[in-house]
Amino acid sequence: MSNDKYQLSNLTTGKTSDLETLSGTVGPDVINISSLWRDHGVFTFDPGFMATASTASRITFIDGDAGTLLYRGYPIEQLAAQSHFLEVSYLLLKGELPDAAELDSFTHSITRHTMLNAALLRLYGGFHHDAHPMAMVAAILASLAAFYHDTTNIHDDRHREIFSHRMIAKIPTIAAAAYKHTVGQPFIYPRNDLDYCSNMLHMFFAVPCESYTVDPLHAKALDLLFILHADHEQNASTATVRLAGSTGCNPYAAISAGVSALWGPAHGGANEAVLDMLEKIGDVSHVPEFLTRVKDKAGSVRLMGFGHRVYKNFDPRATIIREMCHQVLAKLGQANNPLFELALRLEESALKDDYFISRKLYPNIDFYSGIIYLALGIPRSMFTVMFAIARSAGWVAHWYEMIADPEWKIARPRQLYTGAVKRDYVPVKKC
Ligand code: ACO
């Protein structure tokens, strides 16, 4: 706790209260306003949580002005260069890096929870072939709550651990089954001899009639993308998982809610929207005209993949991914990929433009992630699903942190009511 005190005075009643400030280990202090309603009968008003910390957390720290991202204190650049997705998942969940035995045991557990109940697989048949995979993934995750209803006691630490392992293990299988459904191919079972990302590519691209060899470069690129997307503190989907989970609901249902929140183009759906935008722009010669449309306040066109609620400087993940885009495309023989060229020119022009400079709008992770996914052969409608697979590690870690907190309580925001005041009902026949 810091020594700073903020005093709130009501000039009409003369009533004052001291509001204490709380300090984290790093980052700005927060003012504890939880006594406001009790002492003053008022709420605070902060639509979109512009200045409101909804929880305390020990998992991820972002300094948006400095462009810093830490998972459990470790810089994202170091994890991206030296770690891998399952180790990062362990770190997010447990708070510390694993030793060799702990990592083995975790990897073993994740690998052996990848299968889906055969009855669950039949649910995919109820979807039309062109159903969006995010809708299927959200629905199938919600259905897991039915499969693991009686066996998931959120107050039992072992049950919580099994849930977290199942979640990270099964979401690639669920995603791959959604993909196979959309392309009309048979479901491909997971392979326990493959690492996490290789297995995912195998389930996506193998077919029963011929052998399929995973390209290690593809698996490595995917693993890096997963590390970068694994957590991002109280973003909209994570906050949704926490809010839904705060009711004590089945945790698979809470994760399903998070998937739905992630789908929006202002959040995880941005990677799909970036590709749509690049294709609509079509050619570098159209960049100036497109940026003019973006800057026109009478219109509603946004430069997708630009801007972030927290980063008012470069998103460190975008810097890593931009570099990786160069490497991956070069190794795949796509160094002159026209979409990448277009993205680079668009970024260059926007970063020189006063509209974006004055608003501190920089490329975010999703400006480039779609280009890599596309180069890996992942179809556009699956981009946000890829994000969901990676973010499942963060969602589970946040759910776990919230549920294990002795001060856990249901999240119940208040409102500023602006609707009609009390009035009497008039039956329709008298109107
Ligand atoms: N293109 C053009 N203008 C933008 C953009 C953009 N991408 N982003 C913000 N602005 C402008 C707004 O019009 C506003 O201008 P004004 O002050 O003249 O009214 C100003 O910048 C502030 O924008 P807000 O929408 O208030 O910022 P907010 O923090 O609420 O939104 C968001 C952040 C949603 C990410 C926004 O920047 C955006 O829509 N970006 C495009 C979508 C995107 O890439 N989303 C992915 C985010 S990263 C992730 O979820 C993984």
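The values are calculated or read from the model by the stated rules, or taken from the named source; none is laboratory data. Here the structure is a predicted model, which is why all the values come from computation and not from measurement. FYI the Cβ positions are ideal-geometry reconstructions off the backbone, even for glycines, and counts take in every protein chain you see.
When restricted to residues that are within 12 Å of the ligand (Cβ to nearest atom) and buried (at least 21 other Cβ atoms within 10 Å of the Cβ), the range 235-245 contains 3.
Can you tell me which residue among 377, 370, 333 is within 14 Å of the ligand (Cβ to nearest atom) and either surrounded by 16 or more Cβ atoms within 10 Å (Cβ to Cβ) or part of a loop (DSSP other than H, G, I, E, B) (or both)? Matching residue, one of 377, 370, 333: 370.
Answer with yes or no whether residue 387 is within 9 Å of the ligand (Cβ to nearest atom), under 22 Å from residue 231 (Cβ atoms) and either surrounded by fewer than 19 Cβ atoms within 10 Å (Cβ to Cβ) or of a type in the set (Phe, Trp, Tyr) (or both). Criteria met by residue 387. The set of residues in the range 270-324 that are more than 10 Å from the ligand (Cβ to nearest atom), assigned to a loop (DSSP other than H, G, I, E, B) and closer than 18 Å to residue 225 by Cα contains only 314. Can you spot a residue in the range 340-353 that is more than 23 Å from residue 48 (Cβ to Cβ), at pLDDT 90 or above and either within 10 Å of the ligand (Cβ to nearest atom) or not in a helix (DSSP H, G or I) (or both)? Yes: the range 340-353 contains one or more residues that are more than 23 Å from residue 48 (Cβ to Cβ), at pLDDT 90 or above and either within 10 Å of the ligand (Cβ to nearest atom) or not in a helix (DSSP H, G or I) (or both). Once the range 246-269 is narrowed to residues that are in a loop (DSSP other than H, G, I, E, B) and of a type in the set (Ser, Thr, Tyr), the residue that is nearest to the ligand (Cβ to nearest atom) is 246.
Against the test of being exposed (fewer than 15 other Cβ atoms within 10 Å of the Cβ) and more than 18 Å from residue 391 (Cβ to Cβ), the options 67, 48 yield a single qualifying residue, 48. Taking the range 214-234 as the range and being small (Gly, Ala, Ser) and away from the ligand (no atom under 14 Å from the Cβ) as the test, the residues that pass are 219, 221. Restricting attention to the range 56-78, the residues that are modelled with pLDDT of 95 or more, aliphatic (A, V, I, L, M) and either touching a Phe, Trp or Tyr at 6+ places or on another chain (Cβ under 6 Å) or part of a loop (DSSP other than H, G, I, E, B) (or both) total 3. Scanning the range 112-171 for residues that are of a type in the set (D, E, K, R), within 22 Å of residue 380 (Cα to Cα) and not in a loop (DSSP other than H, G, I, E, B) turns up just one, 170.
Residues in the range 1-55 that are without any contact (Cβ under 8 Å) to a residue 24 or more places away in the chain, more than 22 Å from residue 409 (Cα to Cα) and in a strand (DSSP E or B): how many? Of the residues in the range 1-55, 6 are without any contact (Cβ under 8 Å) to a residue 24 or more places away in the chain, more than 22 Å from residue 409 (Cα to Cα) and in a strand (DSSP E or B). On the basis of being more than 26 Å from residue 105 (Cβ to Cβ), in contact with a strand residue (DSSP E or B) (Cβ under 8 Å, 6 or more places away or on another chain), surrounded by fewer than 15 Cβ atoms within 10 Å (Cβ to Cβ) and modelled with pLDDT of 95 or more, does residue 30 make the cut? So residue 30 does not fit the description; no.
Say whether the condition of being in contact with a Phe, Trp or Tyr (Cβ under 9 Å, 6 or more places away or on another chain) and within 16 Å of the ligand (Cβ to nearest atom) is met by at least one residue in the range 19-36. No.
Residues in the range 186-213 that are over 19 Å from residue 84 (Cα atoms) and assigned to a helix (DSSP H, G or I): 203, 204, 205.
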